[in-house]
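The values are calculated or read from the model by the stated rules, or taken from the named source; none is laboratory data. Given the structure is predicted, the values throughout are model-derived calculations rather than measurements. Heads up, the Cβs are rebuilt from the backbone with ideal geometry, glycines too, and the neighbour counts pull from every protein chain shown. When the accessible area is computed, the model is the full protein with side chains, heavy atoms only, and any ligands, DNA or RNA have been set aside. Shrake-Rupley method; radii C 1.70, N 1.55, O 1.52, S 1.80 Å.
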Amino acid sequence: MTRLVLIAFLFFAGPAITADIPPVDVPDTMGERVKACIACHGPEDKEGRDAYYPRIAGKPEGYLFNQLRNFRDGRRHYRPMGLLLENLPDQYLREMAAYFASLKQAFPPPEPLTSSSAEIKLARRLVTLGDPARKIPACVECHGKDLMGTAPFIPGLLGLPRVYIIAQFGNWQNGGLMRGQTPDCMSEIAKQLTTDEASAIAAWLAAQPVSEALLKHDGPAAALPDKLAKRCGSIVLQSGGLQ
C-alpha cells in the first residue's frame, strides 16, 4: 500500500516538480546540433563493434560533404545515417562538414603489427607503388604521400582500425557501400585486390603511428594526378560545386 501511495504521489507531483525546473539555455551552435553524431563518432578510442565508426573530426570538408550527401540520397547506405540526414538541405550538410573538418582529429595508438615479413612487404609495395599491371594505383597517389589525405575530397588512411579498413574493402568489392556511383574509382580498385592483399594493407595501415609532425601538416593541398582525377571524376570538383 505504501508503494502505491508513493507511486501516485510521484505521478501527480511530476508536472509540478518539472514546472519548477528552469529551462536550459542551450546555445544554437553547430556543435550542439551535431551531438547525435558524436555519440558514434566521438574522439575516444573505439573497440569491438564501435571500431566500425570512424573518426570524422579533421577529415577534408569536401569528403565529409560528399559522404553526408551520399547517405542522405541513398547512394551510400547505412539506415541510421540515412534517417538522421533525411531531408536536410545541401547547405546544412556543407555547414556540418565544415564544422567537423575544423576540429582537431584524435588518433588512437597504432595497432600491433602481427603480419609476416612477406605480408608487410606486399602491403608496402601496394601502398607506395601500387600494381600498374592490374590498374591499381598506389594508395599514396590519392591519399597523399603521408597518407593523411588530399584536400578537399580524399580522406586520410592513418588512425583507422584494421577491422574498419577491412570492412570498407569488402563493401567496395561487393557493392555494399555505394549505389549508382559511376565511375566509382575505389570500387574498381578494391575489386582488383585479393582478400589477402586487402587484409595485408589494412593491417599495415592500422599499425602506422601518427606523429605530431603529421598532425601539424599545413602545407599546400596536393592535387590528384590528372589521370586519377579523371578516373575518379565522381568525387572531384565539377561545375563549381562539390560533387
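Quick notes
- Count - residues of segment 66-84 that are aliphatic (A, V, I, L, M) and surrounded by 19 or more Cβ atoms within 10 Å (Cβ to Cβ): 1
- LEU228 vs. criteria part of a helix (DSSP H, G or I) and modelled with pLDDT under 65: no
- Boolean, LEU237 is at pLDDT below 65, more than 27 Å from ARG125 (Cβ to Cβ) and under 18 Å from the mean Cα position of the chain (by Cα): no
- Test result for ALA151, without any contact (Cβ under 8 Å) to a residue 24 or more places away in the chain, open to solvent by 40 Å² or more (accessible area, probe 1.4 Å) and of a type in the set (A, V, I, L, M, F, W, C): no
- For GLU141, the conditions (1) at pLDDT below 95; (2) crowded, with 20+ Cβ neighbours inside 10 Å are fulfilled apart from (2).
- Looking only at segment 154-165, and only at residues there that are within 15 Å of ILE189 (Cβ to Cβ) and at pLDDT 90 or above, the one that is surrounded by the most Cβ atoms within 10 Å (Cβ to Cβ): LEU157
So that you can scan it fast, the table gives a plain yes or no per residue for (1) open to solvent by 50 Å² or more (accessible area, probe 1.4 Å); (2) more than 24 Å from LYS145 (Cα to Cα); (3) at pLDDT 90 or above; (4) not β-branched (Val, Ile, Thr):
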| residue | (1), (2), (3), (4) |
| --- | --- |
| PHE169 | no, no, yes, yes |
| GLY176 | no, yes, no, yes |
| GLY180 | yes, yes, no, yes |
| ASP184 | no, no, no, yes |
| GLU188 | yes, no, no, yes |
| ALA198 | no, no, yes, yes |
| LEU205 | no, no, yes, yes |
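- Matching option when the condition is surrounded by 13 or more Cβ atoms within 10 Å (Cβ to Cβ), in a helix (DSSP H, G or I), on the phi < 0 side of the Ramachandran plot and at pLDDT below 90, among ILE56, ILE38, ILE17: ILE38
- Candidates in segment 87-120 are the residues that are under 15 Å from GLN208 (Cβ atoms) and loosely packed, with under 14 Cβ neighbours inside 10 Å; of these, the one that is nearest to the chain's Cα centre (by Cα) is PRO109.
- In the set (1) open to solvent by less than 70 Å² (accessible area, probe 1.4 Å); (2) of a type in the set (Asp, Glu); (3) closer than 20 Å to LYS104 by Cα, the condition left unmet by GLU61 is number (1).
- Tally, over segment 154-171, of residues that are in contact with a Leu (Cβ under 8 Å, 6 or more places away or on another chain) and farther than 15 Å from ALA206 by Cβ: 2
- In summary, no helices (runs of 4 or more DSSP H) completely within segment 81-179 bear 2 or more residues that are β-branched (Val, Ile, Thr) and within 17 Å of LEU64 (Cα to Cα).
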